[in-house]
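Working notes, beginning with the structure itself.
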Amino acid sequence: MPHTPPLIAAPLTGARTYQFGADIFDAVIGHSGAQRDMVLQLKVPAACAIALMPGEAPPDADLLCGTFRHAGRSGVERAWLRLVPDRPITIRQPADDAAITAGARFGAAAAELPAGGAGTFAQRAVLLALGVVTRAQPGQRWRIAEIACARIPGEAAAVAVALRHHIGSRFWKFDVAADGDPVGSVILARVPAPE
């Protein structure tokens, strides 16, 4: 019997019309069992379910929306994310990003959130980075291009992000720390305004 790839179909949260990248990251971790050196790269937004396909994406892969890799028992394990357009996301749940970042301290190029609070570690890290860029460039829209973690800290960890560098106004890369220890990075990409 052929193997059916796991599907990622996180509810749409808040006003989003696509699955939130931090929710995709959390779901991929859950399905893959990854524990270290994890990198999720997202290519396009997903308003539908995503199939988690094993191995490298073929050169002619259709409906590719991202890739994932992590350190496994026998080396680097890879997967690719394929859109499943005939499975649109129809579940929406209320979400308040401001509630997750309540108590955060924002600076011009960094932000930190005390231990505890709402949201997963990935959600808190991404929302802190988004808070920094939206304060620096109000009115711009951003998407998550990459989330990388050496390990997933405990959910109660204090989270801090600090801008490492940016390429013009298009890509901003943040270092992420948990309880003061470096654990990963987040890359945000500015969404071009429609013409």
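Tabulated data for the structure shown
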read-out: Selected residue (criterion: modelled with the lowest pLDDT) from residues of segment 55-67 that are open to solvent by 20 Å² or more (accessible area, probe 1.4 Å) and of a type in the set (G, A, S); value: A61
read-out: Single residue of segment 84-105 satisfying the filter (assigned to a strand (DSSP E or B) and open to solvent by 30 Å² or more (accessible area, probe 1.4 Å)) that is modelled with the lowest pLDDT; value: Q93
read-out: Output for segment 1-35, where each listed residue is under 15 Å from A79 (Cα atoms), outside any loop (DSSP other than H, G, I, E, B) and not small (G, A, S); value: L7, I8, I24, F25, D26, V28, I29, H31
read-out: Residue ID - modelled with the lowest pLDDT, chosen from residues in segment 106-132 that are over 27 Å from G168 (Cβ atoms) and open to solvent by 40 Å² or more (accessible area, probe 1.4 Å); value: G117
read-out: Strands (runs of 3 or more DSSP E) wholly inside segment 133-190 that include at least 2 residues being under 14 Å from the mean Cα position of the chain (by Cα) and surrounded by fewer than 20 Cβ atoms within 10 Å (Cβ to Cβ); value: 141-151, 171-178
read-out: Contacts under 7 angstrom Cβ, first residue in segment 148-159 being over 13 Å from V39 (Cβ atoms) and modelled with pLDDT of 95 or more, partner crowded, with 18+ Cβ neighbours inside 10 Å and among the aromatic types (F, W, Y), 6 or more apart; value: V159/F121
read-out: Candidates L40, L81, L52, filtered to the one that is among the aliphatic types (A, V, I, L, M), surrounded by 19 or more Cβ atoms within 10 Å (Cβ to Cβ), in a strand (DSSP E or B) and in contact with a Gly (Cβ under 6 Å, 6 or more places away or on another chain); value: L81
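The values are calculated or read from the model by the stated rules, or taken from the named source; none is laboratory data. Since this is a predicted model, take the numbers as computed values, not measurements. For neighbour counting, all protein chains shown are included, and Cβ atoms are generated from backbone atoms with ideal geometry for every residue, glycine included. With ligands, DNA and RNA removed, areas are computed over all heavy atoms of the protein, side chains included. Shrake-Rupley method; radii C 1.70, N 1.55, O 1.52, S 1.80 Å.
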